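What follows is one structure encoded as structure tokens, with my remarks underneath.
Please treat every number below as a calculation from the coordinates, not as lab data. What you see is a predicted model, and the numbers here were worked out from it, not measured in a lab. Cβ coordinates were reconstructed from backbone atoms using ideal geometry, including for glycine residues, and neighbour counts include every protein chain displayed.
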Amino acid sequence: MINKNDWRIMGQEEYLFGVQLLHIKYKPANDRNTHDHCEFCGKTFFLLEGYLHCGYCTEDRYLWICDVCFSDFQDRFKWIVIQTKGDDRLLRNPEEYANKENSKET
């Protein structure tokens, strides 16, 4: 169970509680944006090797959440994951990806 005082919680309830999220491959929201960060842990989403390449985002692709933080906080934040169509779909199992990411950190 995640501690209610987890260091990653910094007021995100104000703008992320109950929002709809997509689980997709990373793509910047616009051409001026080269990367994004997880709204909780700060891990970097980027198209180059060595960075996160998929995760959860708001429909406008402006706010991103890594698979690990999504798993940790999905009950607390009551997120709704909506289906995606076409090339945006993520074919990987989110739990499998989260476990793979965790093994990289050790």
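Our coupling estimate for segment 28-35, obtained by passing each phi through the Karplus curve with A = 6.51, B = -1.76, C = 1.60 and θ = phi - 60°, is x, 5, 7, 5, 7, 9, 9, 7 Hz, Gly and Pro reported as x. The residues neighbouring Val19, those whose beta-carbon lies less than 15 Å from its own, together hold a net charge of -3 under the Lys/Arg +1, Asp/Glu -1 convention.
Spin-label model, His53/Tyr15: points 7 Å from Cα along the beta carbon direction are separated by 2.9 nm. The modelled label-to-label distance for the pair Ile82/Lys4, using points 7 Å beyond Cα in the direction of Cβ, is 3.2 nm. Charge tally for Asn30 (other residues, Cβ to Cβ under 15 Å; Lys, Arg +1; Asp, Glu -1): -1.
Loop-located GluC sites (Glu not before Pro) in segment 1-49 (DSSP state other than H, G, I, E, B) with a sparse environment of at most 15 neighbouring Cβ atoms within 10 Å: Glu49.
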